[in-house]
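> Before anything else, here's the structure in question.
The numbers here are math on the coordinates, done by the rules we state, and not lab data. Note that the structure is a prediction, hence the values are computed from the model and not measured. Cβ atoms come from the backbone with ideal geometry, glycine included; neighbour counts cover every protein chain shown.
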Amino acid sequence: MKRLFSITTILFLLSFVVFAQNNTEQLDSIVISGNRIDLPFSKNSRTISIITKVDIKNSPATTLNELLQEITGIDIRQRGVNGTQADLYIRGGNFEQTLLLIDGIKVEDPQTGHHTLNTTIPLESIERIEIIKGPASRIYGQNAFTGAINIITKKSSKNQIKIRSEYGSFNHLNGSIFASRIFKKSNHIFQYNQNKADGYRENTDFKNNSYFLKSSFKTKIPFSVLATFTERKFGANNFYTNNPNFNEYEETQTSLVAVSTKTKKENWSIKSNLFWKRNQDMFLLKRENPDFSRNFNISNKIGGAINTAYFSKYGITGIGVEIAKTTLSSNNLGNQNRNSIQTFLEHRFQFANEKLDITPGISYTYFSDFGNSFFPGIDLGYQINSTFKYYWNFGKSYRVPSYTELYINIPNFLQGNPNLKPEEAFAQEMGIKYRKNNFQIDFAVFNRVSKNLIDYVKETNTSSFYIAKNLRQITTNGLEINVNYCFKCNEFPQKFSFGYTFLQDDYKDINVFQSRYLIDTSIKHHFTANWQSQFFKYISQTISYKYIERPFNNYQLLDAKITANYKNIGIYGVFNNLLNTKYYEKINIPMPERNWLIGINYIFK
């Protein structure tokens, strides 16, 4: 802890050695498109974090997983590196309870939440990332149990081709081509990326390929087409089991195709989409012996949504519906199918010269295998003055079991339970936002009371396998603070930010011998600090620090990136885990010690 405070103090003092000037990023002007009702960042009465394209460019992160780890309250538990496999948690929830969206399209996986981050977008094709923490089921439906993350992809704004090549530790090779083209009636972006490495320990080698295409057409009704495909092949040494006799291996293929439109007419705003999301997963317990245990799964989700907003003197009314059909074909989980319908209704009122905003709403969801459910909730905010805003929101959350939780059967290790009940929770948060020129503080306290949470447990020390069960009530309390400060030094932009999240779980009368995911695994203390700086014309640098305290592991990480840009060429170095920390994000899976990556890119205009 002494080292934590000493590094933090140095960073904090350095950020104030110059006089503050104009803010380098106007976050308040960003419209949060992840909401059903589009609102500017400054007008929302929720805890929302924004990762901008400048943050992405300057970050030492090379994958989406690493980038999200820089946000306090977000827990990324990686089993492998470079986006190979990781689980996504928000505020102490589990990996099944966080919803991922791409341009507002939900990409959850019905087989298992372990596949949530399979559908990722290369960082160079991301415009920004919107992170909504707290109960979001009223806005998005059942998978947004503890929050939602919406990735907004770029639109073509210039004609260019960018090539990138990288080499680093563990014989890591990465190559990418990014092309952007503007025509009179359309514009297009395409990116291909491949990265591979020998692995940082036995049986952790990987080879990943990803393709991204986005086209926008300026027709009478403007529309855009999005297509992504990601393929991963990787050694999964004890990613899912602790048996030293296994030598696990996995291959996944994930694709998303979507057509979206957005139109405005008089007082109406209408957004609609059609989408198809497919995931294929092949998992071997013994890489060298496929016949020993081979699980093969293909899931498909096909659907469409329409969201409307009506603007009147009484406020903004949002109405929407999403219809989807989900199927799964699996040699272990069986052949499954599910139809779902989700509708939502909310209205934003404003009173007292628009200082007070109240947004009640309700979402209704129907699942063909679990019936009906309602998610009521409300957001309240009061603009105390030009710098302070107070907010309070609460709502109900709900999640139906994944097919893995229902039907998995791995002899002498893991057993599903077809009698599982859906998870439920009531969550609330209170917070205050401070905005003063280029200084920003967000503070929130939150509470979540959950029941019927699903976990794989051993009830006694004589149990030979884990079985999926509904646990009794679990209460989660916490607080979160985030500070951002932007300034200039010698006309160069600088940005300093830090965040802290505290979590405390009360398991009450739950009594099990061992739990795989929920009990005694959440981060208790999570501290992050980031300093983006530039002092010379062609050189910029970023330092990122994290301190994480888990029940089974406390550790601190220091990462850095230095970049030199001249005209159309850029050279950069990324240095991870500079403190050479030995740490675990998942029990029994050691993460890499000190490592590096050197890259070069060139832009053809």
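> Which of Leu68, Leu88 comes first, and how do the rest follow, when ranked by fewest Cβ neighbours within 10 Å? Can you show the working numbers first?
Details: Leu68 21, Leu88 25.
Ascending number of Cβ neighbours within 10 Å: Leu68, Leu88.
> Still on this structure, please answer the following. Loop-only trypsin sites (Lys or Arg not before Pro) in region 312-344, please: DSSP not H, G, I, E or B, and at most 10 other Cβ atoms within 10 Å. Intermediate values should be presented prior to the final figure.
On the way: sites: Lys313, Lys325, Arg338; in loops: Lys313.
Those that pass, being in a loop and sparsely packed, are Lys313.
> Consider the candidate values (1) 115, 61, 50; (2) 113, 79, 61; (3) 65, 57, 54; state which one is Cα extents along the principal axes in Å computed from the structure displayed.
(3)
> Also, I was wondering about something else. Would you list Glu130, Glu491 from fewest to most Cβ contacts within 10 Å?
On the way: Glu130 22, Glu491 8.
Taking fewest neighbouring Cβ atoms as first place, the list is Glu491, Glu130.
> Another question, then. Give me the net charge for the shell around Gln350: Cβ to Cβ below 15 angstrom, other residues only, Lys and Arg +1, Asp and Glu -1. Display every interim value, and only then the final one.
Values: positive: Lys43, Lys313, Arg348, Lys355, Lys389; negative: Glu346, Glu354, Asp357, Asp379.
Neighbourhood net charge equals +1.
> Here's something else I'd like to know. For region 2-604, build the charge dipole from Cβ charges (+1 Lys, Arg; -1 Asp, Glu) around the Cα centre, then report which of His114, Thr327, Leu380 sits farthest towards its positive end.
Leu380
> Place a +1 charge on the Cβ of each Lys and Arg in region 403-512 and a -1 charge on the Cβ of each Asp and Glu, then give the dipole magnitude about the Cα centre in debye, rounded to the nearest 20.
Details: 12 positive and 12 negative charges, 64 e Å.
Rounded to the nearest 20 debye, it is 300 debye.
> With Cβ to Cβ distances under 14 Å as the rule, what net charge do the other residues near Phe234 carry (K, R +1; D, E -1)?
Numbers: positive: Arg79, Lys196, Arg201, Lys207, Arg232, Lys233, Arg287; negative: Asp198, Glu202, Asp205, Glu231, Glu248, Glu250, Glu251, Asp281.
With Lys, Arg at +1 and Asp, Glu at -1, the net is -1.
> Set the bar at 24 Å for Cα to Cα. Now go through Lys220/Lys271; Lys106/Lys271; Lys277/Lys458; Lys214/Lys277 and name every pair that lies beyond it.
On the way: Lys220/Lys271 15 Å; Lys106/Lys271 14 Å; Lys277/Lys458 34 Å; Lys214/Lys277 16 Å.
Listed pairs above 24 Å: Lys277/Lys458.
> Next question. What distance in nm separates the simple spin-label points at Asn553 and Asp506, each placed 7 Å from Cα in the Cβ direction?
3.0
> Where Lys and Arg each count +1 and Asp and Glu each count -1, what net charge lies around Lys154 among other residues with Cβ under 10 Å from its Cβ?
Spelling it out: positives minus negatives among the neighbours equals +2.
> Calculate for the chain the 222 nm mean residue ellipticity that helices alone would give, adding -39,500 (n - 2.57) per DSSP H run of length 4 or more and normalising by residue count, nearest 500 deg cm²/dmol. List each step's numbers first, then the result.
Details: 5 runs with 33 residues, N = 605.
For the chain, the value works out to -1500 deg cm²/dmol.
> Which residues make up the longest stretch of the chain clear of chymotrypsin sites (Phe, Trp or Tyr not before Pro) that lie in a DSSP loop with no more than 13 other Cβ atoms within 10 Å, not counting the sites?
20-182
> Quick one: order Val483, Val54 by neighbouring beta-carbon count within 10 Å, fewest to most.
Values: Val483 18, Val54 14.
Ranked by crowding around the Cβ, least crowded first: Val54, Val483.
> Can you give the extra length, in nm with one decimal, that the chain gains between Asn580 and Phe536 once fully stretched, where that is 0.36 nm per residue apart less the Cα-Cα distance?
So the chain would gain 12.9 nm between Asn580 and Phe536.
> While we're here: Would you mind working out the magnitude of the charge dipole of the chain relative to its Cα centre, with +1 at each Lys and Arg C-beta and -1 at each Asp and Glu C-beta, to the nearest 20 Debye? The partial results should precede the final answer.
Details: 71 positive and 50 negative charges, 395 e Å.
Roughly 1900 debye for the chain.
> Still on this structure, I have one more. Given the options Asn588, Phe575, Val512, identify the residue whose Cα lies farthest towards the positive end of the charge dipole of region 472-605 (+1 on Cβ of Lys, Arg; -1 on Cβ of Asp, Glu).
The one lying farthest along the dipole's positive direction is Phe575.
> For Lys207, go through the lysines and keep the ones whose alpha-carbon is under 20 Å away, minus same-chain ones fewer than eight residues off.
Within the straight-line cut-off, Lys207 pairs with Lys196, Lys233, Lys286.
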